[in-house]
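Here is the structure we will look at, set down as structure tokens.
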Amino acid sequence: MEHKQHYRASVPWVGPNNAESISFVTGTVYTLLRETAKWAAYSTKKRFATVKMDIGGAFPTIYSLTQCTPDLSSESCFKCLQGSLKWFDGRRGGRIIGERCLIRFETSILYNGEPMRIMGPSTNSTSAMSKGVPNINRRIWKIKVPLKVKVFLWYLRRGVILTKDNLARRNWKGSKKCCFCHKDETIQHLFFQCHLSRLVWSVIHMASNFQPPRNVTHMFGRWLLCVPKEMRNLLLMGAAALCWSIWLSRNGVIFDNKLVSSLLQVITLVTRWLRTWAILHKPGLRDTIAVVSRRLDQVARDVFTQEHGWRSSLRIDSH
Ligand SMILES: [Zn+2]
């Protein structure tokens, strides 16, 4: 696959056989650079920003710096910086020099003094950088899922997951088609509108009576209001399991040439993640998660294996 080789060749920090971690690393560094550019353009008069990203785990700390000329408006400055970012090719460190601007990033500190901002789960600086969504950022870092899933959600929230439309914006030349159908792959399509994701959401609906969210903003926002306050982190964890499973199934098809996943395969993945992540919760919640995942398995099997389809007695709220 041509695009696979192109993609792998440009990211030397990780082993060549792990497509998932390649897209994780590339996406994370890209997010950092984009946030640094945004900070320089909108929050500083000198159009200069330094940011340190420390997301923990095995991921290295990365330092970035952006400088543009102060005569541009914030909008033109950010537009220009974003334009320069298309030259980012996933390398561990480097510099991008645009017409007026400079973007640098390294795993060692590249400026004197403290960074102007710090990005990562242990600080709330990330929320300060994306005005208007502080609560949801805090909520993402708070839910009990592995770090890489939190970062995945964080990208999803910001619309920077490397779906094919986002890759194409960065000069990627592969096919833009969704791997489950013939439509173009965008975040909205892959997670909400593709026939496969609609089927998966409809199983959730049958099992729980929750209407599927309309889009990413809805999923991280008003959609969570359909359950009492104390259950919202749990609901977001469920949505995380679903989106993460769709994402992994999609990567399996694209990078590992796996057969197109069926609804049952995706739901099996969802309930497997729910059971794995249940261990991170308190005993009471663990039981709730176990009941939910059993019900999802049951409904999915029922939809697919019995001629009469779904029985309303399988709704969670009917028990
Ligand atoms: Zn599709």
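Give me a count of the residues in region 149-194 that are over 10 Å from the mean Cα position of the chain (by Cα), more than 12 Å from the ligand (Cβ to nearest atom) and not aliphatic (A, V, I, L, M).
The qualifying residues number 9.
Got a number for residues in region 212-231 being in contact (Cβ under 8 Å) with a residue 12 or more places away in the chain and of a type in the set (Asp, Glu)?
Going through region 212-231 one residue at a time, the tally reaches 0.
Residues in region 158-180 that are at pLDDT below 75 and over 24 Å from residue 83 (Cβ atoms): how many?
0
Starting from region 284-302, keep only residues that are under 15 Å from residue 274 (Cα atoms) and not assigned by TED's automatic domain parsing to the domain that holds residue 241, then list their pairs with residues that are small (Gly, Ala, Ser) and part of a helix (DSSP H, G or I) whose Cβ atoms are within a distance under 9 Å, requiring at least 6 positions of separation or different chains.
none
Those residues that are within 10 Å of the ligand (Cβ to nearest atom) and either without any contact (Cβ under 8 Å) to a residue 24 or more places away in the chain or among the small types (Gly, Ala, Ser) (or both), I need them from region 195-211; list them, please.
Hits for region 195-211 are 195, 197, 198.
Mind listing just one residue for me: the one in region 182-231 that is touching a helix residue (DSSP H, G or I) at 6+ places or on another chain (Cβ under 6 Å) and among the hydroxyl-bearing types (Ser, Thr, Tyr) and, of those, nearest to residue 246 (Cα to Cα)?
Filtering region 182-231 for residues that are touching a helix residue (DSSP H, G or I) at 6+ places or on another chain (Cβ under 6 Å) and among the hydroxyl-bearing types (Ser, Thr, Tyr), the one nearest to residue 246 (Cα to Cα) comes out as 197.
Looking at region 181-193, is at least one residue aliphatic (A, V, I, L, M) and either modelled with pLDDT under 90 or touching a strand residue (DSSP E or B) at 6+ places or on another chain (Cβ under 6 Å) (or both)? Break it down into steps so the answer makes sense when it comes.
Step one: filter region 181-193 for residues aliphatic (A, V, I, L, M), giving 187, 190.
If we keep only those that are either modelled with pLDDT under 90 or touching a strand residue (DSSP E or B) at 6+ places or on another chain (Cβ under 6 Å) (or both) as well, we get none.
Within region 181-193, none of the residues are aliphatic (A, V, I, L, M) and either modelled with pLDDT under 90 or touching a strand residue (DSSP E or B) at 6+ places or on another chain (Cβ under 6 Å) (or both).
So is residue 36 farther than 25 Å from residue 165 by Cα, modelled with pLDDT of 80 or more and not in a loop (DSSP other than H, G, I, E, B) or not?
On the way: farther than 25 Å from residue 165 by Cα: no; modelled with pLDDT of 80 or more: yes; not in a loop (DSSP other than H, G, I, E, B): yes.
So residue 36 does not fit the description; no.
Tell me yes or no: at least one residue of region 119-130 is polar (S, T, N, Q), more than 16 Å from the ligand (Cβ to nearest atom) and at pLDDT 75 or above. Reasoning before the result, please.
Taking region 119-130 and keeping what is polar (S, T, N, Q), we get 122-127, 130.
Then drop every residue that is not more than 16 Å from the ligand (Cβ to nearest atom), which leaves 122-127, 130.
Checking which are at pLDDT 75 or above leaves us with none.
No, because not a single residue in region 119-130 is polar (S, T, N, Q), more than 16 Å from the ligand (Cβ to nearest atom) and at pLDDT 75 or above.
Does residue 191 satisfy the criteria of being among the aromatic types (Phe, Trp, Tyr) and crowded, with 20+ Cβ neighbours inside 10 Å?
Against the criterion (among the aromatic types (Phe, Trp, Tyr) and crowded, with 20+ Cβ neighbours inside 10 Å), residue 191 qualifies.
So which residues in region 202-212 are assigned to a helix (DSSP H, G or I) and surrounded by fewer than 19 Cβ atoms within 10 Å (Cβ to Cβ), if there are any at all?
202, 205
The values are calculated or read from the model by the stated rules, or taken from the named source; none is laboratory data. All values reported here derive from a predicted model rather than from experimental measurement. No Cβ is skipped: glycine too gets one built from the backbone with ideal geometry, and neighbour counts run over all protein chains shown.
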